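*Asks:* My questions will all concern the structure given below.
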Amino acid sequence: MSAWTKVKRDGAADSDKLSWNPEELPEVEGTLVDNRLNIGIYQSTVWDLETVDGVTYTVWASTVLAMLLGKVPMGSYVKIIYKGKKKMKNGGVGYKDVDVCVSEKAPEASVVVEEVEEVEKKATKKKKAKVTVSEPVSDDDDDDYDELPF
């Protein structure tokens, strides 16, 4: 009898990473540690966001998220805030709206761990988490960021 090794699908999430679900966790923050292009059958863009407590979330890009995160340098500490589903002005298919905020400095680990535990408690109770909206990041320094590669 031979030993078997399971082959992963192209673009499948690694076992040590969680896929970010904005409906369950409307805010996620951490350091951008990786960006992968052309993942899966739809050739999607994926970012890995590592929280201060060591959890890595895989964030699959939407059009809005790709546009915003494409302006943020790798290694930046960011907060992604899910603002809900929005309708298109022309009546087309809706989209998931997000804000992306950038911080100069990551917070202390103990503060974030308490916030994550509180959000996890809310998610397990199957209650809708309250979405808070913060001020958007200023677009004044757009010249410092690279455009999206696609």
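*Asks:* Name every residue in segment 19-38 that is crowded, with 16+ Cβ neighbours inside 10 Å and touching a strand residue (DSSP E or B) at 6+ places or on another chain (Cβ under 7 Å), in order of residue number.
*Replies:* Answer for segment 19-38, where residues must be crowded, with 16+ Cβ neighbours inside 10 Å and touching a strand residue (DSSP E or B) at 6+ places or on another chain (Cβ under 7 Å): Trp20, Pro22, Pro26, Glu27, Val28, Glu29, Gly30, Thr31, Leu32, Asn35.
*Asks:* Of (1) at pLDDT below 90; (2) under 17 Å from Lys71 (Cβ atoms), Asn35 satisfies all except one. Which?
*Replies:* (1) is the only condition that Asn35 fails.
*Asks:* Another one. Hey, any hits in segment 72-92 for a residue that's in contact with a helix residue (DSSP H, G or I) (Cβ under 7 Å, 6 or more places away or on another chain) and at pLDDT below 90?
*Replies:* No, segment 72-92 has no match at all.
*Asks:* Is there a residue in segment 106-115 that is at pLDDT 85 or above and surrounded by 11 or more Cβ atoms within 10 Å (Cβ to Cβ)?
*Replies:* no
*Asks:* In segment 39-59, what residues are buried (at least 18 other Cβ atoms within 10 Å of the Cβ) and in a loop (DSSP other than H, G, I, E, B)?
*Replies:* Result: Thr51, Val52.
The values are calculated or read from the model by the stated rules, or taken from the named source; none is laboratory data. Remember, it's a predicted structure, so these values are computed and weren't measured experimentally. Because the Cβ atoms are built from the backbone with ideal geometry, glycine has one as well, and the counts that use them run over all protein chains shown.
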